[in-house]
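Take a look at the structure set out below.
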Amino acid sequence: GPKVLQIPSHQIIDMGQMVTLNCDPVSNHLYFYWYKQILGQQMEFLVNFYNGKVMEKSKLFKDQFSVERPDGSYFTLKIQPTALEDSAVYFCASSLEGSAETLYFGSGTRLTVL
Amino acid sequence: GDSVTQTEGLVTLTEGLPVMLNCTYQTIYSNPFLFWYVQHLNESPRLLLKSFTDNKRTEHQGFHATLHKSSSSFHLQKSSAQLSDSALYYCALRANSGTYQRFGTGTKLQVVP
């Protein structure tokens with residue numbers, strides 16, 4: 001089936017540093033999402049993105065977070081600066097035509113902030 | 001606001017027994033979309049089945065669920081559990097046009113011999 005690729009699979013950084021998580025969504029998909037999953041807890045919505053713009057964001061999407069997809073390349077989540085509570089697995093997802101459609105998830109990036 | 005409730009955190013079943021994982025939701029919108037995703041260990045979540053039609057059974061890979069708007073439920077069922085069904089199961093709600101899919105807390109299904 002359709003594949004969403006996430007790079008890297010694991011990232012370890014020091015608190016206060018910047019990190020960029022990369023997502024290569026399914027090629028013809030138009031909607032992109034980031035979800036956060038703290039170990040042992042549920043997946044929580046962070047943000048969705050369409051047509052070059054953030055559509056919605058949750059209260060977990062702090063000011064230190066930003067997303068972009070320059071020129072149709074990777075869909076990125078940048079955290080600057082990072083905090084200890086940002087440690088989690090971040091899942092990227094994409095869908096063809098919005099949130100009523102199936103979400104295709106990447107394998108996640110495990111972010112560890114020390 | 002909108003919410004999804006999965007009451008069981010862990011369900012342990014013997015192989016061959018029927019599976020029922022509970023999902024209820026809350027929304028003011030009349031046309032919700034409901035989803036079940038399955039996440040096997042060290043894998044990403046993938047769609048198992050979805051529905052937006054009231055009282056219509058949806059089936060996939062031996063699992064089935066029926067959206068009941070009267071009771072705001074979308075329980076996942078299977079007649080006979082297999083060892084390979086052991087995974088984390090998420091119920092998700094898309095309440096209204098343009099909103100995201102909101103996930104429940106998940107139910108870990110453990111099938112034992």
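The values are calculated or read from the model by the stated rules, or taken from the named source; none is laboratory data. Remember, predicted model here, so these are calculated numbers, not experimental data. Neighbour counts run over all protein chains shown; Cβ positions are idealised from the backbone, glycine included.
Scan segment A:62-78 for residues that are among the acidic types (Asp, Glu) and part of a helix (DSSP H, G or I) and the total you get is 1.
Among the numbered conditions (1) closer than 22 Å to B:Ser3 by Cβ; (2) buried (at least 20 other Cβ atoms within 10 Å of the Cβ), the only one that A:Lys57 does not meet is (2). For segment B:27-43, the condition of being away from chain A (no Cβ under 13 Å) and either within 11 Å of the chain's Cα centre (by Cα) or in a strand (DSSP E or B) (or both) holds for none of the residues. Answer with yes or no whether B:Ala65 is in contact with a Ser or Thr (Cβ under 6 Å, 6 or more places away or on another chain), within 27 Å of A:Ser94 (Cβ to Cβ) and modelled with pLDDT of 95 or more. When the stated conditions are applied, B:Ala65 passes them.
For segment A:61-78, indicate whether the set of residues that are at the interface with another protein chain (Cβ under 10 Å from one of its Cβ atoms), crowded, with 16+ Cβ neighbours inside 10 Å and not hydrophobic (A, V, I, L, M, F, W, C) is non-empty.
Checking segment A:61-78: not a single residue is at the interface with another protein chain (Cβ under 10 Å from one of its Cβ atoms), crowded, with 16+ Cβ neighbours inside 10 Å and not hydrophobic (A, V, I, L, M, F, W, C).
If the condition is being in a loop (DSSP other than H, G, I, E, B) and within 12 Å of another protein chain (Cβ to nearest Cβ), then segment A:1-37 contributes A:Gly1, A:Pro2, A:Lys3, A:Val4, A:Ser9. Just one of the listed residues (B:Val4, B:Val112) is surrounded by 17 or more Cβ atoms within 10 Å (Cβ to Cβ) and among the β-branched types (Val, Ile, Thr), and it is B:Val4. Say we look at segment B:44-58 and pick out the residues that are assigned to a loop (DSSP other than H, G, I, E, B) and at the interface with chain A (Cβ under 8 Å from one of its Cβ atoms); which of these is surrounded by the most Cβ atoms within 10 Å (Cβ to Cβ)? The residue in question is B:Pro45. Evaluation of A:Asn48 against the conditions (1) in a strand (DSSP E or B); (2) within 14 Å of chain B (Cβ to nearest Cβ); (3) over 22 Å from B:Gly106 (Cβ atoms) shows that the sole unmet condition is (3).
If the condition is being assigned to a strand (DSSP E or B) and surrounded by fewer than 19 Cβ atoms within 10 Å (Cβ to Cβ), then segment B:59-87 contributes B:Glu59, B:His60, B:His64, B:Thr66, B:His68, B:Ser73, B:Gln77.
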